[in-house]
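To start, the structure under review is shown below, and the notes come after it.
The values are calculated or read from the model by the stated rules, or taken from the named source; none is laboratory data. These numbers were taken from a predicted model, which means no experiment stands behind them. Here Cβ is always computed from backbone atoms with ideal geometry, including for glycine, and neighbour counts include all displayed protein chains.
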Amino acid sequence: MEIKAVKFRKNGFYTQPFAFGGEDGTGKFDKNIRYRGSLQNYLIDTGNEVILVDTGLPTGTPEEAPNEDSVLYTGKDICSYMDAFKALGYKPEQVTKILLTHKHADHSGELRSFPNAKIYVNKDELSAAELQGINNIVPVSFTDGAYYNFPETQKITEGIRFIKAKGHTNGNSIVIVENEGLFYLIHGDVTYVDEALYENKLSVVFDDLAAARQTLDRVREFIRNQPTVYCSTHTPQGYENLEAKRVMDLDNPVPTVFEEFDFSKQEATGKYVCSICGYVYDPTEHDGVAFEDLPDDWRCPRCKQPKEKFNKA
């Protein structure tokens with residue numbers, strides 16, 4: 001069995017208030033601390049099947065142009081998700097299963113590009129706008145009982161478990177792969193950066209705060225008791241851990257490398273992009289109303305996040 005990262009954005013950042021402020025409030029953290037950001041999802045080659053965990057941003061999603069006040073930036077395009085997938089040497093028709101961690105477009109953007117794949121989704125996520133009109137979805141009810149300290153799980157195939165992990169979204173899930181004595185914990189956004197895992201902090205993005213706390217507690221307990229490689233979506237630490245087969249030690253964090261970002265090189269197009277779900281606000285599709293003129297309490301139509309989570313495109 002082999003696990004590979006599908007890398008499609010780099011050189012992003014997540015500020016400390018965004019990554020740490022879910023429970024304590026953003027005011028307790030330093031907005032000038034920026035942790036490294038990226039975007040990647042994962043591919044599992046079992047030898048018999050090609051299984052994807054999430055499917056990136058939709059092709060054509062514009063890059064963001066952050067400024068000094070931006071709380072996050074998903075990064076600069078390396079290539080599209082589909083080009084990154086194909087660069088690993090696979091064809092879309094080879095994919096037999098997709099395990100979707102949650103609905104947001106940076107995880108579900110190319111679901112329609114894999115015609116032979118069954119898409120496994122927590123049944124509580126099925127009403128999401130991102131999943132409408134897709135016919136090859138398999139709703140998951142997590143009927144295979146407990147897996148270590150996770151009470152609700154589904155066995156996908158030998159060595160691969162799909163695990164209910166409500167919090168970030170109401171239908172959030174994680175994937176754990178057992179291979180050669182290690183446990184690879186592939187998650188969507190339980191944390192955005194590994195520093196939050198070590199510091200035991202939740203981000204500001206969640207549907208259910210109490211459930212998000214319970215999920216993070218379970219993840220940390222699992223890591224303390226099993227040799228676990230922690231594979232994140234939004235930080236290069238995710239693929240660095242994977243490539244090094246790095247077992248997480250919560251008492252001995254990997255030293256932080258901070259992101260130093262040059263804002264002077266950013267150009268804007270007039271559009272704005274939600275850094276949480278990828279929704280693009282184009283004034284021409286909204287009666288010419290500029291993003292800046294939207295009311296302060298306006299929220300993303302897709303993920304309901306406030307204006308501050310948008311960056312210029």
Condition set touching a Phe, Trp or Tyr at 6+ places or on another chain (Cβ under 7 Å) and polar (S, T, N, Q), scope the stretch 113-154, selection farthest from Lys103 (Cα to Cα): answer is Asn149
Is at least one residue of the stretch 9-16 among the hydrophobic types (A, V, I, L, M, F, W, C), out of contact with any helix residue (DSSP H, G or I) (no Cβ under 8 Å at 6 or more places or on another chain) and either part of a loop (DSSP other than H, G, I, E, B) or modelled with pLDDT of 95 or more (or both)? yes
All but one of (1) under 30 Å from Gly60 (Cβ atoms); (2) among the small types (Gly, Ala, Ser); (3) surrounded by fewer than 17 Cβ atoms within 10 Å (Cβ to Cβ) hold for Gly181, so report the exception by its number. (1)
Thr153: among the hydroxyl-bearing types (Ser, Thr, Tyr) and either outside the structural domain of Asp124 (by TED's automatic domain parsing) or within 30 Å of Glu259 (Cβ to Cβ) (or both), yes or no? no
Could you say whether any residue in the stretch 248-270 is within 26 Å of Glu130 (Cα to Cα), outside any loop (DSSP other than H, G, I, E, B) and touching a residue at least 60 places away in the same chain (Cβ under 8 Å)? no
Here are some conditions: (1) out of contact with any Leu (no Cβ under 7 Å at 6 or more places or on another chain); (2) within 26 Å of Arg220 (Cβ to Cβ). Ala129 meets all but one. Which one does it not meet? (2)
Against the condition assigned to a loop (DSSP other than H, G, I, E, B), at pLDDT below 95 and outside the structural domain of Gln305 (by TED's automatic domain parsing), how does Gly60 come out, does it pass? yes
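A quick yes/no check of all residues on (1) surrounded by fewer than 13 Cβ atoms within 10 Å (Cβ to Cβ); (2) under 30 Å from Asn200 (Cβ atoms):
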position	(1), (2)
Arg218	no, yes
Ser232	no, yes
Lys271	no, no
Cys274	no, yes
Pro301	yes, no
